[in-house]
Amino acid sequence: MVSVIITTKNRKNFLYRAVESVVANTLKPIDIIIVNDGGDRVEAEQFENSQGIKIDVINNLCSKGGNVARNQGANCARGELLFFLDDDDAFTPTSIASRAKCFENMSVGLAYTGKKLVKSESLDEVYYVSKPKYEGDVIKPLFSLGNVIGTTSCVAVRKSVFESVGGFDEELQALQDYDLWLRISAVCRVKHDHKANLIYTIHSTNNQVSSNYHRYLDAGNYLYNKYKLELNELGLERKFLSLRYLRVAMIASKHSSLERLKYAIISLKYNFSIKGFFMLIPVSISKKIRSFH
């Protein structure tokens with residue numbers, strides 16, 4: 001049995017699209033849990049064509065954050081498999097079935113899919129497809145390469161595994177999904193569906209949480225302290241730290257060239273990478289290089 005958990009806040013048009021995409025799936029969930037995190041009130045009756053799928057709505061009077069909201073949804077879900085979906089993303093018609101099949105192997109605790117990227121102003125036009133790659137024991141790739149699994153909307157987990165590892169860490173302000181994937185991959189296997197069954201929306205206004213590099217800096221420090229022992233045992237401490245600062249440099253480049261340069265240098269100090277070296281090149285020049293290729 002499958003439950004879908006959708007977190008939302010004041011994006012009703014996107015929310016309707018998300019719910020409709022779930023209802024249109026070939027494998028129907030037994031329930032959809034909508035967690036409205038401090039936005040204008042949402043009622044289950046607003047979703048008329050649910051095809052018999054039970055829709056429950058949790059209306060938080062004030063915003064508690066995505067971590068808390070997803071944990072709330074998971075606690076209320078009746079399904080054995082939890083599928084997460086952000087309100088501005090959407091499932092393809094086979095998204096649930098293709099990932100649910102991955103759980104036929106009882107050693108699998110997390111299944112994920114790839115992404116079809118669309119822009120918020122042209123939701124029907126896919127401009128990039130990202131296929132899944134890593135599966136099995138993915139703890140080393142997660143530590144050394146970053147979030148190779150993807151965003152929460154890509155992922156389904158066994159509820160029993162989700163509960164056993166403690167759900168989303170409610171102290172984190174960023175990288176909440178990455179942290180949970182690390183904990184899940186430490187206790188079970190990961191599998192993907194070899195497809196791109198998520199429609200992932202990029203907003204032109206650039207107001208996504210992922211654009212705040214200060215949050216990433218703090219979250220990276222928090223995670224380093226949290227997993228320092230495991231990183232030392234695997235010999236991946238320097239790669240993890242390099243990746244941490246590279247991530248910050250990439251996001252900071254949208255705000256300050258000096259901050260981009262600063263964190264790129266720190267990243268390269270811990271471990272050389274082509275991406276880190278590329279971040280040393282001024283944005284105006286790097287754009288010309290990309291357009292040339």
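The values are calculated or read from the model by the stated rules, or taken from the named source; none is laboratory data. In this text the structure is predicted, and so the values were computed from the model without any measurement. We place every Cβ from the backbone using ideal geometry, glycine too, and count neighbours over all the protein chains shown.
Val187 fulfils the conditions (1) in contact with a Gly (Cβ under 8 Å, 6 or more places away or on another chain); (2) modelled with pLDDT of 95 or more; (3) buried (at least 17 other Cβ atoms within 10 Å of the Cβ) except for a single criterion, (3). Regarding Gln72, is this residue assigned to a loop (DSSP other than H, G, I, E, B) and in the same structural domain as Glu170 (by TED's automatic domain parsing)? No: the conditions fail for Gln72.
In the range 225-247, the residue that is farthest from Phe278 (Cα to Cα) out of those that are aliphatic (A, V, I, L, M) and free of Cβ contacts under 8 Å to residues at least 40 places away in the same chain is Leu229.
When the residues of the range 190-238 are filtered to those that are surrounded by fewer than 17 Cβ atoms within 10 Å (Cβ to Cβ) and more than 30 Å from Tyr270 (Cα to Cα), the one that is modelled with the highest pLDDT is His194. For the range 1-24, residues that are over 16 Å from Gly79 (Cα atoms) and assigned to a loop (DSSP other than H, G, I, E, B) total 4. Among the residues of the range 167-195, the one identified as among the aliphatic types (A, V, I, L, M), touching a strand residue (DSSP E or B) at 6+ places or on another chain (Cβ under 8 Å) and part of a loop (DSSP other than H, G, I, E, B) is Val187.
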